1. Here are labelled values, (i) 0.97; (ii) 0.99; (iii) 1.04, and one is the computed Rg/Rh (Cα atoms, Kirkwood Rh) for what I pasted. Which one?
2. Once you mark the chymotrypsin sites (Phe, Trp or Tyr not before Pro) that are in a DSSP loop and have at most 15 other Cβ atoms within 10 Å, what is the longest gap between them in the chain?
3. Assign unit charges at the C-beta atoms only (+1 for Lys and Arg, -1 for Asp and Glu), then state the dipole size of the chain relative to its Cα centre in Debye, rounded to the nearest 20.
4. Between VAL80 and residues 5 or more places away or on another chain, which pairs have amide H atoms under 5 Å apart, with H built 1.01 Å from N, and which residues are they?
5. Below 8 Å, C-alpha to C-alpha, sequence gap of six or more: please give me the relative contact order for the chain in percent.
6. In which sequence would LEU10, LEU18 go, from the one with the fewest C-beta neighbours within 10 Å to the one with the most?
7. Could you give each residue of the range 112-122 its phi-based ³J(HN,Hα) in whole Hz, using Karplus coefficients 6.51, -1.76, 1.60 with θ = phi - 60°, and x for Gly or Pro?
8. Cα centroids of the range 72-115 and the range 32-57: how far apart, whole angstrom?
Amino acid sequence: MTTYANLDALRAAVGAQLGPTEWRTISQAMINGFADATGDHQWIHVDVDAAKAGPFGAPIAHGYLTMSLCAPFLAELATVDGVSMGINYGVNKARFITPVKAGSRVRATGSVQEVSDVAGGAQAVVAITIEIEGEAKPAAVVETVSRYLA
């Protein structure tokens, strides 16, 4: 993990590469829990037998489940000291490139794209690439936006 001592250090970090994080297993239980939380019970995610016969040969994680991992991955990639709080402000862009099959392991790397001043602190755009163990292409690339308040 990279720790920035303060907002000035974060501002100076544009172009910095972050990570990788530790691997995380995307279990069928995690996929089912996400389906329950969102109401998205499409068979490709939750019907194990049908999904095994489907186009990917296994159930796959929801794209938004994969994207939601950006929050814990970002916390594992970098922290900023000397701030009162950091908040998720949104995403500029997200692309789901390769489906994540149940049982797969994923991890993330990041790069600080830009840091700008906002009232009371700074806003950072970090591009997070979520890779799948053993796959040539990433699961997703998400341009996250976070605000760090002094």
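1. After the calculation, the listed value that fits is (iii).
2. Formally, the longest exposed-site-free interval is 57-150.
3. Value, rounded to 20: 200 debye.
4. The answer is TYR4.
5. Relative contact order here is 31 percent.
6. Ranking LEU10, LEU18 by Cβ neighbours within 10 Å, fewest first, gives LEU18, LEU10.
7. 6, 8, 7, 9, 10, 7, 9, 3, x, x, 9
8. Cα centres, the range 72-115 to the range 32-57: 24 Å.
Any read-out appearing in this document is the output of simple, stated calculations on the displayed coordinates, not a laboratory observation. Not measured: the values here are computed from a predicted model. Cβ: placed from backbone, ideal geometry, glycine included. Neighbour counts: every protein chain shown.
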